[in-house]
1. Tell me, what HN-Hα J-couplings in whole Hz come from the Karplus equation 6.51 cos²θ - 1.76 cosθ + 1.60 at θ = phi - 60° for each residue of region 143-152, using x for Gly and Pro?
2. How about region 71-109: which trypsin sites (Lys or Arg not before Pro) there lie in a loop by DSSP and see at most 13 other Cβ atoms within 10 Å?
3. Using a/c under 1.5 as the rounded threshold, could you call the chain rounded, prolate or oblate? The axes a ≥ b ≥ c are square roots of the C-alpha gyration tensor eigenvalues, and prolate needs a/b larger than b/c, oblate otherwise.
4. Calculate the dipole size of region 1-111 relative to its Cα centre from +1 charges on Lys and Arg beta carbons and -1 charges on Asp and Glu beta carbons; express the result in debye to the nearest 20.
5. Taking only protein heavy atoms into account and a 1.4 Å probe, give the accessible area per residue of the chain in Å².
6. Return the sequence-ordered ³J(HN,Hα) values of region 84-89 in whole Hz as given by the Karplus equation 6.51 cos²θ - 1.76 cosθ + 1.60 applied to θ = phi - 60°, using x for Gly and Pro.
7. Given a 1.4 Å probe and heavy atoms of the protein chains only, how would you sort I14, I1, I8, largest accessible area at the top?
8. Please label the shape of region 71-152 as rounded, prolate or oblate, based on the square roots a ≥ b ≥ c of the eigenvalues of the alpha-carbon gyration tensor (a/c under 1.5 means rounded; beyond that, a/b larger than b/c means prolate, else oblate).
Amino acid sequence: ISVRRATIRELRIIQDLNYALFRSDARRDKFLNHKWPYEDGRAYFRKRITNKDSICLVAEVNKEIVGYLAGSIRKSESWRPIKRTELENMLVKKEHRSKGIGEKLIKEFLKWSKKKGTKRVMVSAYASNKKAIKFYKRVGFVPFNLELEASL
């Protein structure tokens, strides 16, 4: 297993992985725009790959990209002036889960975040995604903020 920064040549592979993430999250959020990975997602991932305040990592097994992680430095708010990064989205292909790949992606992201001088790292997960929440807790994240939503 190797983890490294993604290259612009791998943009389409990352978009495909992100599309798989959208498909897996569809049962949790019926409002997801499944065209996003190939429309606005193209510019989003291009920026994560090329911008110095963003990162896109890929995990490879036998030269096949089996997972990715995208994140960036968050804008600091005056009410909470702390530099932090956000792990915005990640996916490891189903057949490659529970092999330490996600953990390696996160460790590399945390190393990058530290080099950038951030003090906190955040990640969001659907409240119903118990596996993701358990995974993030296992790798060191703790509950901090709860976002609630109401239907109209």
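The values are calculated or read from the model by the stated rules, or taken from the named source; none is laboratory data. Keep in mind that what you see is a predicted model, and the values were worked out from it rather than measured. Heads up, the Cβs are rebuilt from the backbone with ideal geometry, glycines too, and the neighbour counts pull from every protein chain shown. Accessible surface is based on the protein model in full, side chains and every heavy atom, while ligands, DNA and RNA are left aside. Shrake-Rupley method; radii C 1.70, N 1.55, O 1.52, S 1.80 Å.
1. Whole-Hz 3J(HN,Hα) from phi for region 143-152: x, 10, 9, 10, 9, 10, 9, 10, 8, 10.
2. Details: sites: R74, K75, K83, R84, K93, K94, R97, K99, K104, K107; in loops: R74, K75, K83, K93, R97, K99.
In loop regions of region 71-109 (DSSP not H, G, I, E or B), the sparsely surrounded trypsin sites (Lys or Arg not before Pro) are K75.
3. Values: a/c = 1.28, a/b = 1.09, b/c = 1.18.
Because its axes are fairly even, with a/c under 1.5, the chain counts as rounded.
4. Roughly 160 debye, rounded to the nearest 20.
5. Values: 10300 Å² over 152 residues.
Value returned for the chain: 68 Å² of accessible area per residue.
6. 9, 10, 10, 7, 7, 6
7. Working: I14 0, I1 90, I8 70 Å².
Of I14, I1, I8, the descending order of accessible area is I1, I8, I14.
8. Values: a/c = 2.23, a/b = 1.14, b/c = 1.96.
Note, shape of region 71-152 comes out oblate.
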